[in-house]
1. For the stretch 283-300, does any single residue satisfy the condition of being in contact with a Phe, Trp or Tyr (Cβ under 7 Å, 6 or more places away or on another chain) and within 16 Å of the ligand (Cβ to nearest atom)?
2. Tell me the residue from R304, R261, R313, R293 that is without any contact (Cβ under 8 Å) to a residue 40 or more places away in the chain and open to solvent by 10 Å² or more (accessible area, probe 1.4 Å), please.
3. Tell me, which residue of the stretch 144-165 that is open to solvent by 10 Å² or more (accessible area, probe 1.4 Å), touching a strand residue (DSSP E or B) at 6+ places or on another chain (Cβ under 7 Å) and part of a helix (DSSP H, G or I) is nearest to the ligand (Cβ to nearest atom)?
4. Taking the stretch 76-130 only, how many residues are within 21 Å of R322 (Cβ to Cβ) and in a strand (DSSP E or B)?
5. Determine which member of the set E139, E173, E113 is open to solvent by 30 Å² or more (accessible area, probe 1.4 Å) and over 26 Å from V39 (Cβ atoms).
6. Please go through (1) assigned by TED's automatic domain parsing to the domain that holds R179; (2) in contact with a helix residue (DSSP H, G or I) (Cβ under 9 Å, 6 or more places away or on another chain) for K318 and return the number of the only condition it doesn't satisfy.
7. State all residues of the stretch 71-103 that are under 19 Å from T124 (Cα atoms) and either under 17 Å from the mean Cα position of the chain (by Cα) or of a type in the set (K, R) (or both); if no residue qualifies, say none.
8. Identify the single condition in (1) at negative phi; (2) surrounded by fewer than 24 Cβ atoms within 10 Å (Cβ to Cβ) that D204 does not satisfy, given that it satisfies every other one.
Amino acid sequence: MRAVRVRQPGGPEVIEFVETHDPAPSSGELLVSVALAGVNYVDTYFRSGVYPKAPPFGLGTEGIGTVIEVGPDVTGFAAGDRVAWCDAQNSYAELVAVPARRAVRVPDGIPDELAVGALLQGMTAHFLVDSTYPVAPGESILVHAAAGGVGLLLTQMAARRGARVIGTVSTEEKAELARGAGAAEVIRYDRSQDLAAEVHALTDGLGVPVVYDGVGRTTFNASLASLKKRGTMVLFGAASGPVPPLDPQWLNAGGSLYLTRPSLYHYIDTRAELDHHASAVFGAVLDGTLNIRVGHEYPLAEARRAHEDLQGRRTAGKLLLRV
Ligand code: NDP
């Protein structure tokens, strides 16, 4: 099969498209012929070494495809089934071994593109607004990178729960997309002199009860300063780089703040949790309350370009690799 490989961590240029051996399904696994792989920001952390991994390694964790072989000790799946997943290593490939306990059935009414557009980023948005900090009607909340893959979905879900979303973006085109997703206010944080002051001005000087921050290094301090007393800082990513170590006393000085650094995988650890979040997201796609924006589709061989565009802030919504 052909697959993406990284020999040494680095920039997008380390991504190679190579001929390699086919994976064989081990106990509990499905061998899947991949139709589409999802591109997620976490893929860039592995590629660059922000999340260390022993080289050489493959990339990608998300995709959709057709089961072609069922490994030992698997029940409930058969060759020919259409399945999606968000945590199978080496998903940027023609074939991938997917743990059956992590495979998700996709309703017939949802095309492959929308299923991959919804799964990882949609479940992330869902656990953030539903479980990490359950957003309540009437609350003003701050969502960074509101036109990103997670951002557009999080904005829609929070707005649908009745929150007033203040979104941050870096271009006018992204501002329009964030507004279209339901953001009531949009701040161009690339131009802002004092982001926290702008947030306070939009909230009668109070600040917001929660910030959803997947940008990290460049926004973290302003995010803390945007919170009201006893507010919750949800740091869920590091698109601009990791946040340096911090003094817990900052949380006291900021007004008895809460800080959490959640991961999707701790919210979908059991089959029941995975099914809960996946069915919430697929249900919303089916009933038309969640709009999936596929920003761009690349051939698998051009995964490098997808990473360049994603890290170059040139994308909005979901990026897909067509296998
Ligand atoms: P996005 O599509 O949101 O892309 C990242 C966006 O971040 C960019 O489009 C850009 O938007 C913004 N950004 C701000 N500063 C920078 C910078 N210096 N370099 C690059 N981008 C920057 O990606 P995803 O939706 O895949 O992921 C969003 C975040 O969510 C990531 O941090 C990711 O790691 C995290 N995540 C966390 C999960 C978890 O379980 N904790 C699960 C899934 C995602 P703009 O141009 O508007 O500034």
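1. Step one: filter the stretch 283-300 for residues in contact with a Phe, Trp or Tyr (Cβ under 7 Å, 6 or more places away or on another chain), giving 300.
Of the ones still in play, those that are also within 16 Å of the ligand (Cβ to nearest atom) are none.
Within the stretch 283-300 (the criterion being in contact with a Phe, Trp or Tyr (Cβ under 7 Å, 6 or more places away or on another chain) and within 16 Å of the ligand (Cβ to nearest atom)), the answer is no, since none of the residues qualifies.
2. Values: R304 fails: without any contact (Cβ under 8 Å) to a residue 40 or more places away in the chain; R313 fails: without any contact (Cβ under 8 Å) to a residue 40 or more places away in the chain; R293 fails: without any contact (Cβ under 8 Å) to a residue 40 or more places away in the chain.
Just a single option satisfies the conditions, and that option is R261.
3. If we take residues in the stretch 144-165 being open to solvent by 10 Å² or more (accessible area, probe 1.4 Å), touching a strand residue (DSSP E or B) at 6+ places or on another chain (Cβ under 7 Å) and part of a helix (DSSP H, G or I), then G149 is nearest to the ligand (Cβ to nearest atom).
4. 10
5. Details: E173 fails: over 26 Å from V39 (Cβ atoms); E113 fails: over 26 Å from V39 (Cβ atoms).
Only one candidate passes the filter, namely E139.
6. Every condition holds for K318 apart from (1).
7. Selection gives A84, W85, C86, D87, A88, Q89, S91, R101, R102.
8. D204 satisfies all of (1) at negative phi; (2) surrounded by fewer than 24 Cβ atoms within 10 Å (Cβ to Cβ) except (1).
The values are calculated or read from the model by the stated rules, or taken from the named source; none is laboratory data. Quick caveat: nothing in here was measured; it's all calculated off a predicted structure. Glycine gets a Cβ as well: all are built from the backbone with ideal geometry, and neighbour counts include every protein chain shown. For the accessible areas, the whole protein counts, side chains as well, though only heavy atoms, and no ligand, DNA or RNA atoms are used. Shrake-Rupley method; radii C 1.70, N 1.55, O 1.52, S 1.80 Å.
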